[in-house]
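Have a look at the structure below before the remarks.
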Amino acid sequence: MITQIAIMIFGASAIWFVSRKEEWKRWGYILGLLGQPFWIHESSTNEQWGIFIMTIFYTYSWSQGVINYWILPWIKRSTEKRIKKEALGVCKKRSW
């Protein structure tokens with residue numbers, strides 16, 4: 001029963017967040033990924049192997065969203081900050 005409630009909460013909220021246009025759309029991918037262990041547990045416990053295989057695909061898909069909306073932007077921001085710091089460091093060294 002708890003597993004089914006978790007699936008409902010995480011699944012419904014993930015879809016709702018992903019369908020938003022605002023900045024917090026990206027939270028849907030986190031919520032979707034958090035719901036996957038419950039799907040895996042439920043489908044394997046009940047030996048629903050088709051749903052289990054589909055759950056593996058969904059886990060991969062939610063992971064892609066986390067990578068594209070969380071990890072890659074973080075890498076881009078940190079790289080840009082590093083480049084700016086290095087550029088400022090070069091400018092300071094060259095000032096007479």
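The values are calculated or read from the model by the stated rules, or taken from the named source; none is laboratory data. Nothing here was measured: the structure is a model prediction, and the numbers come from that model. Note that we place each Cβ from the backbone using ideal geometry, even for glycine, and neighbour counts take in every protein chain shown.
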Give the residues of the range 13-44 that are touching a Phe, Trp or Tyr at 6+ places or on another chain (Cβ under 8 Å) and basic (K, R), sorted by residue number. K25, R26
Under 8 Å between Cβ atoms, at least 6 apart or on separate chains: pull out the pairs that start in the range 43-54 with a residue that is touching a residue at least 12 places away in the same chain (Cβ under 8 Å) and end on any residue that is outside any helix (DSSP H, G or I). none
Are any of the residues in the range 21-35 part of a loop (DSSP other than H, G, I, E, B) and either in contact (Cβ under 8 Å) with a residue 60 or more places away in the chain or aliphatic (A, V, I, L, M) (or both)? no
In the range 41-96, residue modelled with the lowest pLDDT [restricted to those that are aromatic (F, W, Y) and loosely packed, with under 10 Cβ neighbours inside 10 Å]: W96
From the list K76, K85, which residue is under 18 Å from the mean Cα position of the chain (by Cα) and of a type in the set (D, E, K, R)? K76
Since E47 meets every condition but one in (1) outside any helix (DSSP H, G or I); (2) within 23 Å of the chain's Cα centre (by Cα), which condition does it not meet? (2)
